[in-house]
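The values are calculated or read from the model by the stated rules, or taken from the named source; none is laboratory data. Since the structure is predicted, the reported quantities are computational estimates derived from the model, not experimental observations. Reconstructed Cβ throughout: ideal geometry from the backbone, glycine too, with neighbour counts over all protein chains shown. Just so you know, the surface numbers come from the protein's heavy atoms only, side chains and all, with ligands and any DNA or RNA stripped out. Shrake-Rupley method; radii C 1.70, N 1.55, O 1.52, S 1.80 Å.
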Amino acid sequence: AQSVAQPEDQVNVAEGNPLTVKCTYSVSGNPYLFWYVQYPNRGLQFLLKYITGDNLVKGSYGFEAEFNKSQTSFHLKKPSALVSDSALYFCAVMRRDSWGKLQFGAGTQVVVTP
Amino acid sequence: EPEVTQTPSHQVTQMGQEVILRCVPISNHLYFYWYRQILGQKVEFLVSFYNNEISEKSEIFDDQFSVERPDGSNFTLKIRSTKLEDSAMYFCASKSTLSYNEQFFGPGTRLTVL
């Protein structure tokens with residue numbers, strides 16, 4: 001079965017420390033990979049995507065993500081977390097042969113403490 | 001910055017009633033989507049829509065659901081006879097033509113079925 005896994009329900013980090021949110025996937029055909037963030041009572045906001053090429057992609061708000069094909073992972077990172085980064089983060093994959101259907105992970109709640 | 005809008009923000013209905021959720025996608029986008037998120041669960045794909053027809057749908061999207069683009073701007077999701085388990089946050093999304101482009105999500109409609 002095809003799946004997207006975010007193994008941590010919650011990640012706690014102190015402000016200024018590096019932040020990592022993990023994502024692994026089991027989807028055939030070299031899918032496109034995305035990260036979205038959801039703030040309370042808001043919709044999903046796009047952060048970044050991996051299509052092809054360089055394994056390290058940079059996105060909005062200082063976030064970046066590292067694609068690892070052998071491990072089928074796409075971990076989200078930020079070198080120095082801010083309190084305002086506290087939110088729910090979703091990894092999503094899209095098969096290249098689809099019409100854009102996004103398959104989401106369960107989400108990881110990030111809590112950044114001052 | 002253009003954005004996807006959704007109305008209403010919150011809809012309360014009685015079981016068995018019909019509801020229509022409305023979305024205005026970004027104006028030059030051609031692909032449209034509905035997703036739902038049951039409280040505490042992951043975001044689930046419902047349907048994709050392109051060129052005035054459904055291009056892909058999930059198992060959730062049964063005969064009780066329908067989508068329509070009645071004019072050049074609105075995109076609607078209709079649930080003919082709501083069930084308690086239809087209670088969820090419903091997100092509309094749209095994207096432009098390129099297959100790997102990110103989807104832009106609306107703020108969601110919270111549907112409560114009593």
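Points to keep in mind about this one:
- Residues that are in contact (Cβ under 8 Å) with a residue 12 or more places away in the chain and in a strand (DSSP E or B) were ranked within region B:56-70; the one that is surrounded by the most Cβ atoms within 10 Å (Cβ to Cβ) is B:Val67.
- Leading residue by the ranking (farthest from B:Met15 (Cα to Cα)) among those in region B:94-114 that are part of a strand (DSSP E or B) and in contact with a Ser or Thr (Cβ under 9 Å, 6 or more places away or on another chain): B:Phe104
- Single residue of region A:61-96 satisfying the filter (surrounded by fewer than 17 Cβ atoms within 10 Å (Cβ to Cβ) and among the acidic types (Asp, Glu)) that is nearest to A:Val112 (Cα to Cα): A:Glu64
- Being touching a helix residue (DSSP H, G or I) at 6+ places or on another chain (Cβ under 6 Å) and away from chain B (no Cβ under 11 Å) holds for only one residue in A:Lys58, A:Lys78, A:Lys69, and it is A:Lys78.
- Counting the residues of region A:10-59 that are charged (D, E, K, R), loosely packed, with under 14 Cβ neighbours inside 10 Å and under 16 Å from the mean Cα position of the chain (by Cα) gives 1.
- Residue in region B:16-34 that is assigned to a loop (DSSP other than H, G, I, E, B), within 18 Å of A:Lys101 (Cβ to Cβ) and open to solvent by 40 Å² or more (accessible area, probe 1.4 Å) present: yes
- Tally, over region B:61-91, of residues that are more than 16 Å from B:Tyr50 (Cβ to Cβ) and either touching a His at 6+ places or on another chain (Cβ under 8 Å) or of a type in the set (A, V, I, L, M) (or both): 4
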